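Student: Dropping a structure here in structure tokens format, bear with me for questions.
The values are calculated or read from the model by the stated rules, or taken from the named source; none is laboratory data. Everything quoted here is computed from the prediction, not taken from an experiment. Here Cβ is always computed from backbone atoms with ideal geometry, including for glycine, and neighbour counts include all displayed protein chains.
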Amino acid sequence: MVMTYKNIEQNENKNLTRARMYVNHVFETVKRRNPNESEFHQAVKEILDSLVPVFEKHPQYMENGILERIVEPERMIIFRVPWVDDQGKVRVNRGFRVQFNSAIGPYKGGLRFHPSVNASIIKFLGFEQIFKNSLTGQPIGGAKGGSDFDPKGKSDQEIMRFAQSFMTELYKYIGPDTDVPAGDIGVGTREIGYLFGQYKRIRGGFEAGVLTGKGLEYGGSLTRKEATGYGTVYFVEEMLKSKGLSFEGSTVVVSGSGNVAIYAIEKAQQLGAKVVACSDSDGYIYDPNGIDLETVKKLKEVERKRISEYVKEHPHAEYHEGCSGIWNVPCDIALPCATQNEINEEAALILVKNGVKAIGEGANMPSTLEAIDVFLNNKILFAPAKAANAGGVAVSALEMAQNSMRYAWSFEEVDAKLKEIMTNIYKNSVKAAEEYGHPDNLVVGANIAGFLKVANAMMAEGII
């Protein structure tokens, strides 16, 4: 029988319907099995919706149950973390580690210490990590962990005692070739140091590759603390270049004032941008003359003070209570680098109204699904987190490589490798978006590019 255009079109529609039904079925199963886990549902839906054209083109992924397997963690550990505060009172927190997927390498993902941490947030972060890690081109699987412990206001001794108790349970499940945690919100070099020391004490050996984000004195990598912020800006720089734009002369707003935000500000300023606002969980500062980064570094990295203190040294600047108001500040480029869902639909509409040209997600899932729709519908350049935020874990993988070789690269060498990785992530995302019928949609492109590598590895390894 001769296949007419109409026959072909009907066949394609049938495949599309099947692919859509498959994706919807898997998502409904996720919601049923994981009730009341809204962050996890959001992360899964955003990725699954992007993959419909992949299943349309490659039905073998459906036939081999790739989605059913990829949305289910290979292992999830929940444990009690008892510790003693400075007053001698026993405290108890809850610890988590979700080892989501090891198809392309050992589990890899940060530890977050923050009161908001729960199973839903750890699972959303771990699920995102699968695709983010795949995009880096490095041989690392997806994981995430943490605790509802809040380091804010705690003494160094309290943080040490908590970290030691946390590692006393976690050490059973990690190792250089099994699972390699790193830092995240609330877990910096100080916390990693305490965790590594306890791991070393228990194991009785120096396994540098078991944690990344370590201090330079004991196996850490140069450029690691800068990596996520720098990587976000490198990715956005490539995205801007494709449309004849640049950071040079642009006004930029960066949410947050932690590690990611500080080094996003630094790299944006190096590229000629004027960064006029940043924030913490209490509020935000607006400096029309441009943020003085050395003051922010001193407040946040040395003195561990609130961002409101900035105006004491720069009285011409303004401090505003409430961190969400930062998106009212007009800008050309917005870099959300604080936390998940910090830009909702209302904030997105304000950014668009005020003339924003590009969004670069430095945090994990900082825009709601509704906000992303606003940006895409208004043709705003949008760099999704799993691509733009991948610089940190990319350099973590480079730290693992250096530990394996017992060798250390220079700052310039690591920075050059980071820029190359972020450029490749951008190119691969663009290519996947075009190949699967969604040109200029980096959300779809990044999801598909990250998925294909993992799916093919899962196919090759059999049903496990």
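Student: Which ones in region 373-398 are part of a helix (DSSP H, G or I) and not small (Gly, Ala, Ser)?
Tutor: Selection gives 373, 374, 375, 376, 377, 386, 393, 395, 398.
Student: Could you say which residue among 411, 451 is aromatic (Phe, Trp, Tyr) and either within 25 Å of residue 42 (Cα to Cα) or at pLDDT below 95 (or both)?
Tutor: Checking each option against the conditions leaves just 451.
Student: When region 16-69 is examined, which residues are found to be among the small types (Gly, Ala, Ser) and over 20 Å from residue 446 (Cα atoms)? Give the derivation first.
Tutor: Taking region 16-69 as the starting set, the residues that turn out to be among the small types (Gly, Ala, Ser) are 19, 38, 43, 50, 65.
Within region 16-69, 38, 65 meet the criteria.
Yes or no, residue by residue, for (1) small (Gly, Ala, Ser); (2) touching a His at 6+ places or on another chain (Cβ under 9 Å); (3) outside the structural domain of residue 312 (by TED's automatic domain parsing):
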position	(1), (2), (3)
246	yes, no, no
249	yes, no, no
254	no, no, no
257	yes, no, no
261	yes, no, no
266	no, no, no
272	yes, no, no
275	no, no, no
285	no, yes, no
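Student: Evaluate region 319-328: report whether one residue or more is charged (D, E, K, R) and more than 23 Å from residue 226 (Cα to Cα).
Tutor: The answer is yes; a qualifying residue exists.
Student: Right, next: Any idea which of (1) in contact (Cβ under 8 Å) with a residue 40 or more places away in the chain; (2) out of contact with any Lys or Arg (no Cβ under 8 Å at 6 or more places or on another chain); (3) within 28 Å of residue 428 (Cβ to Cβ); (4) not hydroxyl-bearing (Ser, Thr, Tyr) is the one residue 225 doesn't satisfy?
Tutor: (1)
Student: I need the full set of residues from region 339-359 which are of a type in the set (D, E, K, R) and surrounded by fewer than 21 Cβ atoms within 10 Å (Cβ to Cβ), in order please.
Tutor: Filtering region 339-359 down to residues of a type in the set (D, E, K, R) leaves 342, 345-346, 353, 357.
345, 346, 353, 357, listed by residue number.
Student: With surrounded by 20 or more Cβ atoms within 10 Å (Cβ to Cβ) and basic (Lys, Arg) as the only criterion, which of 386, 417, 427 stands out?
Tutor: 386
Student: May I ask you to list pairs of residues, at least six apart or on different chains, whose Cβ atoms are under 6 Å apart, with the first in region 332-351 being within 21 Å of residue 272 (Cβ to Cβ) and modelled with pLDDT of 95 or more and the second being assigned to a helix (DSSP H, G or I) and not β-branched (Val, Ile, Thr)?
Tutor: Close Cβ pairs satisfying both conditions: 334/351; 335/264; 337/261; 337/264.
Student: If a residue must be in a helix (DSSP H, G or I), farther than 25 Å from residue 411 by Cβ and of a type in the set (Gly, Ala, Ser), how many such residues does region 196-222 contain?
Tutor: 1
Student: Could I ask something else about it? So residue 407 clears everything in (1) assigned to a loop (DSSP other than H, G, I, E, B); (2) touching a helix residue (DSSP H, G or I) at 6+ places or on another chain (Cβ under 7 Å) except one condition, right? Which one?
Tutor: Residue 407 satisfies every listed condition except (2).
Student: For residue 308, are the conditions met, namely being of a type in the set (Gly, Ala, Ser), modelled with pLDDT of 95 or more and in contact with a Cys (Cβ under 6 Å, 6 or more places away or on another chain)?
Tutor: no
Student: Would you mind telling me which numbered condition in (1) within 23 Å of the chain's Cα centre (by Cα); (2) among the β-branched types (Val, Ile, Thr); (3) surrounded by fewer than 24 Cβ atoms within 10 Å (Cβ to Cβ) residue 202 fails?
Tutor: So the condition that residue 202 fails would be (1).
Student: Of the numbered conditions (1) surrounded by 23 or more Cβ atoms within 10 Å (Cβ to Cβ); (2) on the phi < 0 side of the Ramachandran plot, residue 223 fails exactly one; give the number of that condition.
Tutor: (2)
Student: Report, by residue number, each residue of region 153-164 that is at pLDDT 95 or above and surrounded by fewer than 23 Cβ atoms within 10 Å (Cβ to Cβ).
Tutor: Correct list: 154, 155, 156, 157, 158, 159, 160, 161, 164.
Student: Residues in region 347-366 that are farther than 9 Å from residue 327 by Cβ and not in a loop (DSSP other than H, G, I, E, B): how many?
Tutor: Summing the residues that are farther than 9 Å from residue 327 by Cβ and not in a loop (DSSP other than H, G, I, E, B) in region 347-366 gives 6.
Student: While we're on this one: Is it the case that region 434-448 has a residue that's in a loop (DSSP other than H, G, I, E, B) and more than 17 Å from residue 379 (Cα to Cα)?
Tutor: yes
Student: Given the condition of a type in the set (Val, Ile, Thr), closer than 30 Å to residue 433 by Cα and within 15 Å of the chain's Cα centre (by Cα), answer yes or no: does some residue in region 218-229 qualify?
Tutor: So far as region 218-229 goes, yes, one or more of its residues are of a type in the set (Val, Ile, Thr), closer than 30 Å to residue 433 by Cα and within 15 Å of the chain's Cα centre (by Cα).
Student: Return the pair list, or none, for Cβ contacts closer than 8 Å from residues in region 410-423 that are in contact (Cβ under 8 Å) with a residue 12 or more places away in the chain and within 18 Å of residue 219 (Cα to Cα) to residues that are surrounded by fewer than 13 Cβ atoms within 10 Å (Cβ to Cβ) and among the hydrophobic types (A, V, I, L, M, F, W, C), at least 6 apart or on different chains.
Tutor: The qualifying pairs do not exist here.
Student: Name the single residue that is farthest from the chain's Cα centre (by Cα) among those in region 174-199 being of a type in the set (Gly, Ala, Ser) and more than 18 Å from residue 398 (Cβ to Cβ).
Tutor: 197
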